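Here the structure comes first, spelled out in structure tokens, and everything after it is commentary.
The values are calculated or read from the model by the stated rules, or taken from the named source; none is laboratory data. All values reported here derive from a predicted model rather than from experimental measurement. Positions of Cβ are generated from backbone atoms using ideal geometry, with glycine treated the same way; all protein chains shown enter the neighbour counts.
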Amino acid sequence: MGKSITVKAETIEEAIQLALSVTELKMEEVLIEVLMNPRKGLFGLRKTMAEVNVTQILGPSSNMEKTQYRNLSIEEYPNGLDSVERVNQEGNDVLKLTDLSSTISKAAGARIINKKIETQFSGNKCPVVISSGNVKLYMNGKQVEQQSIISPGDIVEVAVNDELIPPHFEIQLIEHDMLAMLIFTPGKKVKRTLHDTELEQVFCIEAEEDIEYYNDLEPQAIVDRLKSLGIQKGLLFPAIKKVTEVIKPFETIVAKGISPIEGLDGDLEMHIDYRGEISRKMEKIDFREMTMIVSVKAGQVIATHIPPVQGASGSSLLGKMVPVKQVDDIVMRLGENVVQVDLDIIATVSGNPTVDWRNKVVKLDISREFHHRGEVDMESGNIRFEGSVNVQGSIHPSMFVGATGTVVIGGSVTKAAIHAMKSVFVNGNVFSSTISVGKQELIISELTCKLREVVGFLERIRAAIHQVLLIRDQTSNELSQAELNHLIRLLLEEKYMEFQDLNRHFIQKVKNHSLQLSSEWTEMASKLYEVFITSKNKQLKDMSGLESLILEVKNLVELYGEKAEPQLLLSVPYAINSVLYSNGNIVVTSKGLYHSSVTAGHDISVHGVCRGGEIIASNKISLQNTGSVNVVKTVIRTGEQGNITIGHAHAGTEVHVGSRSYIFTTSKMGVYARLDDEGVLLID
């Protein structure tokens, strides 16, 4: 055997390559013995290095003459010695490396004794030293940083230095420059010591470190850094002082900008429960026990206007203003039976309060009450009232009750019709009758669309008049009433004929539904008729009159342009062969529905059975019992965003959610139908 060396490294491959470079031999010229596989220690805190022995082959020995050996490479044996032994068991022609381990001397090496390095040589073996980061290694007076081979005669010295690492901090601006976050790292006093070691051929020199953390940071240093970043205000001195006291990594906010204060939109504080929380808690109300109509007395404060509160702008740490959102006030439209005194809204007559919310626009009024103590029959005649109606008795066949407010029926309704704008409450049963609530909303929606087109034409007419005045070099104040009306006629005849058709259609529709509409619609129709249809226009005396008309039309569009909240309610205990409609909610409080057509613009809740007929709602339908054991066809429909809940669905029940449907052929308990995100109908 020739040269021999034992080497340690991070991996077996690195150890082999290091040994070959030291011995200046090639792979085919050596035998390799894996003495130690690399592995991690407990919890990965310390690593055992790979160790290999490389020996030069000078020629075949007496005990190897009958064996042909192939070269060994780390790629063939990734698991070191264990892999080699496994391959041998399979009968492959591979060198058994452990046969040489007893013949190799390990006397050469280096070690630390009394803080100095001591080397030892044996035959052809030379020590290899590797310096870690915390020890300086000098060979023959020159510092070396990589692994080095020590030859006889080399002067090897080591030096360790203690280290003082000062505390460090950095400041980051976050949250759009509203906060300054300081990230602190304490200082370190590092004391290094070299301890005596055992002799190793590949010797890694490493000093033991004793670390003491400290903090000598002064508050002024942090303040100066903040000022260098342009931060002069908002410094948090208690937090800054805290940074100078800790001896561990620490993060804290050391400066804050002035946060903006958001304002509050205007609102209306109601002093009456004008809707009984019906739309939000339908299932929790016993409608048989609740007061059907809220009444107020003349002079009673029904609401208080809460003005908006403006917010305050903020400022970032760099002095940039942070604006706040503009606040909005509500727009109140007061009816003829309420007045505003300071911020309070007061009823001028006794009756039922009506509150109509449409986004930020709210209309308040008092609906007068009409009390009918007997029956509604041929003797009393039909009842039509501008306000609310309270009938103590029943409604007889072929009779009609209509109101612009709320209708309450103390008895039953048989083969009759009831129309109300706000709500209907029936204490008795409903037989073969038609009851509708809020149908005027559909009419109002159509009228609002037409009125929105009217606004566009009026603004174009106004612009055309101003253009004529500009050509004439006149001001609007110089235009007489006669000239203004004549100019409007010419524009309508020559340029805006389609406006006349639109205007006539709007006026006629208001006239056809005058009994279902409030006075503001009929008054608007009258003004548009007089100004643009009749030959004698007394409404417009000058251009300011036209401006006022345009503003009135815009206000009406603004009021009804938003969809009303679902405050309308139709409540009956039982209905058979009837048609029920509500633009808001419908609640059946007792026995249920039989062969009836029921439609709601929002929710439907039936406490009882629902057999036959069709139930339609845009949002939520809640039913206790549907269909029957005799397979009665019962259809329940809701929109794509709605859902259907049924306690007990018998065969013959059909559920439709959007365009999806399902028919029950057998009885099922606890049904919950809705569409998932992909439009698939789910039935639980």
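Some notes on this structure:
- In segment 153-194, the residues that are free of Cβ contacts under 8 Å to residues at least 60 places away in the same chain, outside any strand (DSSP E or B) and surrounded by 15 or more Cβ atoms within 10 Å (Cβ to Cβ): 160, 167
- Members of segment 461-517 that are at pLDDT below 85, among the polar types (S, T, N, Q) and farther than 30 Å from residue 438 by Cβ: 474, 475, 476, 477, 480, 481, 485
- Residues in segment 477-496 that are under 17 Å from residue 458 (Cβ atoms) and surrounded by 11 or more Cβ atoms within 10 Å (Cβ to Cβ): 479, 484, 485, 487, 488, 489, 490, 491, 492, 495, 496.
- Of 253, 247, all but one fail to be surrounded by fewer than 17 Cβ atoms within 10 Å (Cβ to Cβ) and part of a loop (DSSP other than H, G, I, E, B); the exception is 247.
- Of all residue pairs spaced 6 or more apart or on separate chains, those with beta-carbon atoms under 8 Å, a first member in segment 424-435 that is surrounded by fewer than 19 Cβ atoms within 10 Å (Cβ to Cβ) and a second member that is charged (D, E, K, R) and assigned to a loop (DSSP other than H, G, I, E, B) are 431/415; 432/415.
- Residues (free of Cβ contacts under 8 Å to residues at least 60 places away in the same chain, outside any strand (DSSP E or B) and more than 18 Å from residue 23 (Cα to Cα)) located in segment 113-136: 133
- Residues of segment 379-418 classified as in contact with a Lys or Arg (Cβ under 6 Å, 6 or more places away or on another chain) and either among the aliphatic types (A, V, I, L, M) or closer than 17 Å to residue 438 by Cβ (or both), total: 4
- Subset of segment 590-636 that is of a type in the set (Ser, Thr, Tyr) and surrounded by fewer than 21 Cβ atoms within 10 Å (Cβ to Cβ) - its residue that is nearest to the chain's Cα centre (by Cα): 618
- Subset of segment 1-39 [part of a loop (DSSP other than H, G, I, E, B) and of a type in the set (Gly, Ala, Ser)]: 2
- Checking each residue in segment 195-221 for being among the polar types (S, T, N, Q), farther than 26 Å from residue 18 by Cα and touching a residue at least 12 places away in the same chain (Cβ under 8 Å) picks out only 215.
- Candidates 438, 410, 374, 405 - the one that is small (Gly, Ala, Ser) and over 50 Å from the mean Cα position of the chain (by Cα): 374
- Residue that is surrounded by the most Cβ atoms within 10 Å (Cβ to Cβ) [pool: residues in segment 296-310 that are part of a strand (DSSP E or B) and within 33 Å of the chain's Cα centre (by Cα)]: 305
- Qualifying residue in segment 607-621 (condition: under 17 Å from residue 429 (Cβ atoms), among the hydrophobic types (A, V, I, L, M, F, W, C) and out of contact with any Lys or Arg (no Cβ under 8 Å at 6 or more places or on another chain)): yes
- Residues (surrounded by 14 or more Cβ atoms within 10 Å (Cβ to Cβ) and more than 30 Å from residue 233 (Cα to Cα)) located in segment 200-219: 200, 201, 202, 203, 204, 205, 206, 207, 209, 213
- Selection of segment 642-662 for residues being farther than 19 Å from residue 582 by Cβ and part of a loop (DSSP other than H, G, I, E, B) yields 650, 651, 652, 658, 659.
- Single residue of 546, 469 found to be free of Cβ contacts under 8 Å to residues at least 12 places away in the same chain, farther than 30 Å from residue 617 by Cα and either surrounded by 17 or more Cβ atoms within 10 Å (Cβ to Cβ) or not hydroxyl-bearing (Ser, Thr, Tyr) (or both): 469
- Residues (hydrophobic (A, V, I, L, M, F, W, C) and within 10 Å of residue 570 (Cβ to Cβ)) located in segment 418-429: 418, 420, 424, 425, 426
- Segment 547-595, subset among the charged types (D, E, K, R) and in a loop (DSSP other than H, G, I, E, B), residue modelled with the lowest pLDDT: 565
- Condition check for residue 197: surrounded by 16 or more Cβ atoms within 10 Å (Cβ to Cβ), modelled with pLDDT under 95 and among the β-branched types (Val, Ile, Thr): yes
- Criterion applied to 635, 629, 609 was being over 19 Å from residue 684 (Cβ atoms), part of a loop (DSSP other than H, G, I, E, B) and assigned by TED's automatic domain parsing to the domain that holds residue 594, and the one residue passing it is 629.
- Pairs with Cβ under 6 Å, 6+ apart, first in segment 333-358 and on the phi > 0 side of the Ramachandran plot, second among the acidic types (Asp, Glu): 351/369
- Residue within segment 325-347 that is assigned to a loop (DSSP other than H, G, I, E, B), modelled with pLDDT under 85, under 30 Å from residue 259 (Cβ atoms) and within 32 Å of the chain's Cα centre (by Cα) present: no
- Where residue 541 falls short, out of the listed (1) basic (Lys, Arg); (2) in a helix (DSSP H, G or I); (3) surrounded by fewer than 17 Cβ atoms within 10 Å (Cβ to Cβ): (2)
- Wholly enclosed strands (runs of 3 or more DSSP E) of segment 381-494 bearing at least 1 residues in contact with a Gly (Cβ under 6 Å, 6 or more places away or on another chain): 383-385, 388-391, 417-420
- Which listed residue is surrounded by 15 or more Cβ atoms within 10 Å (Cβ to Cβ) and in contact with a Leu (Cβ under 6 Å, 6 or more places away or on another chain), from 355, 331: 355
- Selection within segment 150-191 - among the hydroxyl-bearing types (Ser, Thr, Tyr) and under 57 Å from the mean Cα position of the chain (by Cα): 185
- Failed criterion for residue 499 (all others in (1) touching a helix residue (DSSP H, G or I) at 6+ places or on another chain (Cβ under 8 Å); (2) free of Cβ contacts under 8 Å to residues at least 12 places away in the same chain hold): (2)
- Tally of residues being hydroxyl-bearing (Ser, Thr, Tyr) and modelled with pLDDT under 90 across segment 380-396: 2
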